[in-house]
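The values are calculated or read from the model by the stated rules, or taken from the named source; none is laboratory data. What you see is a predicted model; the values in this text were computed from it and never measured. Reconstructed Cβ throughout: ideal geometry from the backbone, glycine too, with neighbour counts over all protein chains shown.
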Amino acid sequence: MNMTDYIGALPEFLLLALLCVVLLVGVFSADEDQNAAYWLAQFALLAVLVANTYIGARTRFVLFEGMYVRDPMAVVLKNFILAFAIIGLVYARDYLRARRIVSAEFYVLALMAVLGMMVLVSAGSLLTVYLGLELLSLSLYAMVAMHRDSAMASEAAMKYFVMGALASGLLLYGMSMLYGITGSVDISVVRNALAGGGESPLAAYALVFIVAGVAFKLGAVPFHMWVPDVYEGAPTAVTMFIATAPKMAAFAMAMRLLVDGLQPLSLDWQLMLTWLAVASMLLGNVVAIAQSNIKRMLAYSTIAHMGFLLLGMLSGSTGGYAGAMFYAIVYALMSLGAFGVVMLVAGEGSAEADRIQDFKGLSRRSPWFALVMLILMFSMAGVPPFAGFWAKWFVIKEVIAAGHVWLAGLAVFSSIIGAYYYLQVVRMMYFEPPEHVEEVHASGDTEIALSANGVAVLLLGVMPGLLMAVCIAAIRG
Amino acid sequence: MSNLPLLSICIWLPVTGGLWVLFAGAHAPALAVKKESLIISVATLLFSIPLYTGFDLSTAEMQFVERLPWIAVFDINYHLGIDGIALPLIILTTFTTVLVVLAGWEVVQDRAYQYYAAFLILEGLMVGVFAALDAILFYVFWEAMLIPMFIIIGVWGGKRRVYAAVKFFLYTFLGSVFMLVGLLYLYFKGGSFEILDMHKLPLALDAQKWLFVAFFLAFAVKIPMWPVHTWLPDAHVEAPTGGSVILAAIMLKMGGYGFLRFSLPIVPDGSHYFEGVMVALSLIAIVYIGFVALVQRDMKRLIAYSSISHMGFVTLGLFLVFRIMQHSGSAEGAIMGMTGGMVQMISHGFVSGALFLCVGVLYDRMHSREIADYGGVVNTMPKFASLTMLFVMANCGLPATSGFVGEFLVILASAKAGFWIAFLAAITLVLGAAYTLWMYKRVIFGAVANDAVAALRDIGCREQFILGALAIAVLLFGLWPAPLIDVMRASVENLVLNVVTSKLP
């Protein structure tokens, strides 16, 4: 262990230090809106983003004797996690203030979750994976329960916690078996041991538990039960937080465990992921049609999107992993904007605007943000020229290159079903007369961030090449 | 002039203009928005004319080519170019859009700036579809087009607009996503997204069959062929007049264009294999849908069914190639059939667009599309009645109108493919005359049906200009179709040559 180890993990140390400061500021601040904590949290994220970019990584560095990995994929994903967390906090602030659930702890927990994601993304050993995952998950459980007076939020937190703990248990069980077979928790050692050991039924057994854990974090069918309840029950700001950056972290976890660690068993896990992907795409898209609550609808849409992401993973090629990474980033960006608009429509009062009906006539109340939501919805449906189209295009291309044309056909078929419910939102906004007359307003920084978010989805759709190249380079290492 | 990237201008001028109208128009007076939109659309039309004057008639090569790297990692290029098949369709697009902008002038009151923005963006995307030479670029334009059309039908449409808009979107989306899978498969086989490279790629018969089905889903829905035509009557009827015009005049042609650009040259053996099915479906469309049109009570619905029937002619002309080659052994008949199909597409663009505008003129005054609500319109609107007469005649394929040229060529070609095909195709002349003239008689002639009709005022300058421009086009191409046929000759000959050459490895 030497100095370079610490420099490689400097962004994480910096974040840890700053989040302690935020906690202290929150304790000693008398401000009800916790402005100091908010700005400090934003500063912390920005500083870590700068540090992370500045340190960078051209190739793969292994730190702390294999516990920690800093490679191009980790740097890119961390940057996006941090950037989306910054935008997410901007959106969340108005919402939390209006509902009087703002507290310094929210910001501390958010930073802690980001830290957990960063650890997860850089995990080089099974233990680090678990550490990062738990840091992330426990912060999220607490954030869901933040709204103490809401019975729904408490119920959602309880469900999330119980299901999450079970999934963590499964994952840990799988890891312990891997340790039993290979005698190490270091992911690269595990890989080499499995590659040399030939087919082992015990390894396949361990794999099942690992895949279950990963599928739970992604929210893939049949480990998806928590998603709709948590999305609906949690305060929208928290839902947005769960629906964005953690998906990128979950992708990284899948990469570290399945691709880096269990590559020798790739034929087995590709088959498992195939069925998870098929079930997720079909069930997610079909059930989403029946939803009248937009948060619940977006939850099922997430499930379907994660099915698409798995398509990239199961292709088993560099291009496929890059496609999945591109998908995770684009999905997080779209989801961020969509929940941003949901919070915007909810407005200043304490009421939620989580029924699809609440979007009626938005194009008259706010032509610009209706247009932003239109871009986001068509993007999620996979219609060009928006970013979501390229995400689907990328993974479907890789699936075909891997020889699964039938799977590509099934995927596009499910996206037709999916288009229906995204169209319903557009329909409410544009075709129906408004129920309320007042215009939709938010604070200046929210409006700017949300506009930029929508424009980014459009620009990424017109010029997707840059991000695609970044993802490919990141996966190649 | 020749150094300008004309195709890019014809795509991006209306798109950026439309975006500008969308952002600047919210607080601008409606008249200013309309004037801006008119200027943008007229400018686009003017920029598309040098495409014709500078076009080299002697070659089937792509002209006005522009090529820039777009997504370098996958070798996707911003590659534009036109041949004799795309050129007439592009000019049809820019021409029709000007008329559509004019047609909405007094009618559209609600959110007018969004209406005009949608049409301008749509125009650019449609030109993009016809000009794209990269399959992915083509697909992006092809799909993106659905968004403005969805909004146009859903916001400014009739009573059942929501149903029609969603049905329109899902139906066409359903078709095109499978085409995407097909295109990606072709990339996987050939390593290129260039459409022209795909034309040369050898493919096994099984792959060709599947690819044909994938393309068929996209293009047959769009054109539309029986039995996947059901979205069209709904969309046409519920769309505002401008939307119906664009749908009929241009969007349907994209299906035909797709067959010409993708199905026939990329999978000739697959097309040959399914040729019987295509001919049968075309004949069903011509005859059966002709009968369906006969019993319609709604004018727009009647014209919509007439469109499907006429598009049956187009697909018949395109897919007779194989049969004619078998029977006569010469390419001459095949070229004639394909040229007929192309001419029919252009002519139908003018005629059906004009008919929808005529219905729009009546609808603006009476707010009814029911044939039964009218009668004796000629007494109050003589100018309108005479112009409509011309379009109605063109729709029946009367000689000296553009409708005649295409139908005549296709029937002549089908005579070389077999008596019964020619016979069934020729039935359309009877049926077409029956449903169109009968509608005309019920609406225009007879005694004045009610007070509302008695109170009608005749068309004003604006409407006279729109219908007059279309009347000139219809007569011009009817009396002197040579310029149109000359433009497409080299490309069609080259295409027929490609189609009859097997691509089996």
Just one of A:Pro385, A:Pro433 is surrounded by fewer than 24 Cβ atoms within 10 Å (Cβ to Cβ) and closer than 24 Å to B:Gly128 by Cα; which is it?
A:Pro385
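Going by the structure shown, is B:Val166 more than 19 Å from the chain's Cα centre (by Cα), modelled with pLDDT of 90 or more, facing chain A (nearest Cβ under 10 Å) and on the phi < 0 side of the Ramachandran plot?
Numbers: more than 19 Å from the chain's Cα centre (by Cα): yes; modelled with pLDDT of 90 or more: yes; facing chain A (nearest Cβ under 10 Å): yes; on the phi < 0 side of the Ramachandran plot: yes.
Against the criterion (more than 19 Å from the chain's Cα centre (by Cα), modelled with pLDDT of 90 or more, facing chain A (nearest Cβ under 10 Å) and on the phi < 0 side of the Ramachandran plot), B:Val166 qualifies.
Yes/no matrix, rows are residues, columns are (1) surrounded by fewer than 24 Cβ atoms within 10 Å (Cβ to Cβ); (2) in contact with a Phe, Trp or Tyr (Cβ under 9 Å, 6 or more places away or on another chain):
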site: A:Tyr205; (1), (2): yes, no
site: A:Pro222; (1), (2): yes, no
site: A:Ala234; (1), (2): no, yes
site: A:Thr239; (1), (2): no, yes
site: A:Ser266; (1), (2): yes, no
site: A:Ala279; (1), (2): yes, no
site: A:Leu283; (1), (2): yes, yes
site: A:Met306; (1), (2): no, yes
site: A:Ser317; (1), (2): yes, no
Can you name the residue in the stretch B:382-410 that is touching a Leu at 6+ places or on another chain (Cβ under 7 Å) and of a type in the set (A, V, I, L, M) and, of all such residues, is farthest from B:Val492 (Cα to Cα)?
B:Leu387
Which condition does A:Val190 not pass, out of (1) in contact with a Ser or Thr (Cβ under 7 Å, 6 or more places away or on another chain); (2) β-branched (Val, Ile, Thr); (3) modelled with pLDDT of 90 or more, if it passes all the others?
(3)
Checked against (1) over 24 Å from A:Val470 (Cβ atoms); (2) surrounded by 19 or more Cβ atoms within 10 Å (Cβ to Cβ), A:Ser29 satisfies every condition except (2)
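Any idea which of A:Ala411, A:Ala402 is within 17 Å of A:Thr302 (Cα to Cα), of a type in the set (Gly, Ala, Ser) and more than 8 Å from chain B (Cβ to nearest Cβ)? Break it down stepwise before answering.
Details: A:Ala402 fails: within 17 Å of A:Thr302 (Cα to Cα).
Among A:Ala411, A:Ala402, only A:Ala411 is within 17 Å of A:Thr302 (Cα to Cα), of a type in the set (Gly, Ala, Ser) and more than 8 Å from chain B (Cβ to nearest Cβ).
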Out of the residues in the stretch A:252-264 meeting the condition of being modelled with pLDDT under 90 and within 11 Å of A:Leu207 (Cβ to Cβ), tell me which one is surrounded by the most Cβ atoms within 10 Å (Cβ to Cβ).
A:Gly261
If I filter the stretch B:78-91 for residues that are within 14 Å of chain A (Cβ to nearest Cβ), surrounded by fewer than 21 Cβ atoms within 10 Å (Cβ to Cβ) and modelled with pLDDT of 90 or more, do I get at least one hit?
yes
Cβ contacts < 9 Å: first residue away from chain B (no Cβ under 12 Å) and without any contact (Cβ under 8 Å) to a residue 12 or more places away in the chain, restricted to the stretch A:358-371; second residue surrounded by 20 or more Cβ atoms within 10 Å (Cβ to Cβ) and among the hydroxyl-bearing types (Ser, Thr, Tyr), any location; separation 6+ or different chain. Result?
none
Members of the stretch B:1-15 that are surrounded by 14 or more Cβ atoms within 10 Å (Cβ to Cβ) and either in contact with a helix residue (DSSP H, G or I) (Cβ under 7 Å, 6 or more places away or on another chain) or without any contact (Cβ under 8 Å) to a residue 24 or more places away in the chain (or both)
B:Leu6, B:Leu7, B:Ile9, B:Cys10, B:Ile11, B:Trp12, B:Leu13, B:Pro14, B:Val15
How many of the residues in the stretch B:169-194 are in a helix (DSSP H, G or I), more than 7 Å from chain A (Cβ to nearest Cβ) and either charged (D, E, K, R) or within 22 Å of the chain's Cα centre (by Cα) (or both)?
6
Residue identified as more than 14 Å from every other protein chain (Cβ to nearest Cβ) and either within 24 Å of A:Trp368 (Cβ to Cβ) or not β-branched (Val, Ile, Thr) (or both) among B:Ala131, B:Ala118, B:Ala112
B:Ala131
Filter the helices (runs of 4 or more DSSP H) completely within the stretch B:372-486 down to those with at least 2 residues that are of a type outside the set (A, V, I, L, M, F, W, C) and under 18 Å from B:His348 (Cβ atoms).
B:382-396, B:402-415, B:419-444
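Mind listing whichever residues of the stretch B:418-436 are among the hydroxyl-bearing types (Ser, Thr, Tyr) and loosely packed, with under 15 Cβ neighbours inside 10 Å?
Step one: of the stretch B:418-436, the residues among the hydroxyl-bearing types (Ser, Thr, Tyr) are B:428, B:435-436.
Answer for the stretch B:418-436, where residues must be among the hydroxyl-bearing types (Ser, Thr, Tyr) and loosely packed, with under 15 Cβ neighbours inside 10 Å: there is none.
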Which one is nearest to the other protein chains (Cβ to nearest Cβ), of the residues in the stretch A:440-464 that are over 22 Å from A:Ala85 (Cβ atoms) and at pLDDT 90 or above?
A:Pro464
